[in-house]
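Here is the structure we will look at, set down as C-alpha cells.
The values are calculated or read from the model by the stated rules, or taken from the named source; none is laboratory data. Quick caveat: nothing in here was measured; it's all calculated off a predicted structure. Heads up, the Cβs are rebuilt from the backbone with ideal geometry, glycines too, and the neighbour counts pull from every protein chain shown.
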Amino acid sequence: MPTGSVGIKRARLDRSVVILLDDPDDTPSHKVQITSEMERLHRLHGTSLILDACQLLNLSCYASATTIFHRFYHRVSLKTCCVWSAAMASIVLAAKVEEVAIALRNVIATFSHLYRRRRLLVSCDQSELRAILSHPSVAASSVMTETASWTNVENERAKLVNVPPILSPKGSIYKDWFDAIIDTENQILRQLGFTLHWIPDHRPHKFLSYFLLALQIDDELFTQSAWNYCNDSCRLDLCVRYQPEVIACATLYATALEFRWELPMQPEPWWAVFCGGNCDRHLFRAVNTILGLVDKANLDVCVASKAFVRSLVDNGSFVDPDHFIWFTLEKREGGEGSLTT
C-alpha cells in the first residue's frame, strides 16, 4: 500500500440503479420531522425553478433534471441542501448526461434573474398577491410586504426592468452562486453513486410518443396537452413511485378526460396493452396526482410556481432573506448599491 494512503478511509459508493423505491414516503425529510405537505411545497418550488430556467435557457433536459432533483431529495433532507442549489446543479448534470453544452455563467445569470422575479412576485396579478403574501412559507421583497396600494406595487416592479441581471464573475455574489452549483453537483453525484446514464431513457415523454403513435392519435392539440401533462408529472416525485410507462398512460388518460375522447376499451383497456393488466391502481393514483397539480384553486402550486419559498436548511441558505445577497438586491432595486460588488 502506498505511504500516502495510510489511515485514509474510503467510502463505498452505491452504484445500483433502483427505479422504484419500496417506501417513497419514508424520505430523509420525513425522518427529520418535515411534514409531507411542506416537502411537497419545496419539491414543487424546485421543479418550477427548473422549468423556468430550462425555458429561458432553451434546454430540453427538463425531465432528466427533475428526475435527478427528486432522487437527490430521497437521499438527503431539505435541511441539508436548499432547493435553489439542487435545482441549479440538477440542470447542469442533466445537460451533461444529455450532452447539451451549457455555460455555468448562463445558469447563474438565469437563476439570479428568477431570484429577483420571485422576490418581486412579477408573475402574480392583483387577485393572487394577497393570498400568496399571506402564505407562511413565502419570503418577498420589503417593497411588496410594506406597500399598501397596487399602483405602488406596480411602480416597484417596474424598477426591475431597468436593472440588468448582470453579475460580475469577480464579485462575491457570483462566487456564492458558483460555489453552490459546484458543491451541490458533487453532493448529488456522490448521493446517486455517479450513476445517471440511465435517466434519459426512463423519461415518460419517450413512452408517450410511442403510445400516441400506437393509438394513431395525430391531433395536434391533444398531443400538446398530453405533453403538457407529462411535464406536469415531473413536478412531483412520480418517477420513484411508478414506472415511466404508467406515468405516460396517466397523462394520456388525463388528456382523454379533458378532450372527452373515447380510447379503445375492448377487448381490454388500452392502458393494459402498454403497462399490463395489474396497473389500474397505480394508473388512477398517478392521474389524480397530475390533475391535482393543474387545479387553479391549489394555493401551494401557485406559491411554488410564482413566489420565493424560504429554505429549510439548518444553517441558512445562500439565497435566504438573511443572506447578504438579499440586502444587496434590496438596495439595488431602490437605486443604491451594485450587483457587481
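In the set (1) surrounded by fewer than 20 Cβ atoms within 10 Å (Cβ to Cβ); (2) under 20 Å from residue 292 (Cα atoms), residue 217 fails one condition alone, (2). In a residue-by-residue description of the stretch 57-65, the property of being surrounded by fewer than 23 Cβ atoms within 10 Å (Cβ to Cβ), outside any loop (DSSP other than H, G, I, E, B) and out of contact with any Lys or Arg (no Cβ under 7 Å at 6 or more places or on another chain) applies to at least one position. Just one of the listed residues (223, 251) is touching a Phe, Trp or Tyr at 6+ places or on another chain (Cβ under 6 Å) and in a helix (DSSP H, G or I), namely 251.
For residue 289, the criteria (1) in a helix (DSSP H, G or I); (2) more than 15 Å from residue 254 (Cβ to Cβ); (3) at pLDDT 90 or above hold in every case but one, which is (2). Considering the stretch 185-214, the residues that are hydroxyl-bearing (Ser, Thr, Tyr) and more than 21 Å from the chain's Cα centre (by Cα) include one that is surrounded by the fewest Cβ atoms within 10 Å (Cβ to Cβ), namely 210. Could you go through the stretch 154-171 and let me know if any residue there is in a loop (DSSP other than H, G, I, E, B), at pLDDT 75 or above and out of contact with any Ser or Thr (no Cβ under 9 Å at 6 or more places or on another chain). Within the stretch 154-171, one or more residues are in a loop (DSSP other than H, G, I, E, B), at pLDDT 75 or above and out of contact with any Ser or Thr (no Cβ under 9 Å at 6 or more places or on another chain). Screening the candidates 284, 259 for the property of being aromatic (Phe, Trp, Tyr) and closer than 19 Å to residue 24 by Cβ yields one hit, 284. A Cβ distance below 7 Å, combined with a sequence gap of six or more or placement on separate chains, defines the contacts here; from the stretch 282-302, residues that are touching a residue at least 60 places away in the same chain (Cβ under 8 Å) reach residues that are among the small types (Gly, Ala, Ser) and in a helix (DSSP H, G or I) in the pairs 290/233; 290/250; 290/254; 299/131.
When the residues of the stretch 31-58 are filtered to those that are of a type in the set (Val, Ile, Thr) and closer than 19 Å to residue 112 by Cα, the one that is farthest from the chain's Cα centre (by Cα) is 50. Inspect the stretch 88-100 for any residue being within 23 Å of residue 36 (Cα to Cα), without any contact (Cβ under 8 Å) to a residue 60 or more places away in the chain and among the hydroxyl-bearing types (Ser, Thr, Tyr) and give the result as yes or no. The answer is no, given that none of the residues of the stretch 88-100 is within 23 Å of residue 36 (Cα to Cα), without any contact (Cβ under 8 Å) to a residue 60 or more places away in the chain and among the hydroxyl-bearing types (Ser, Thr, Tyr).
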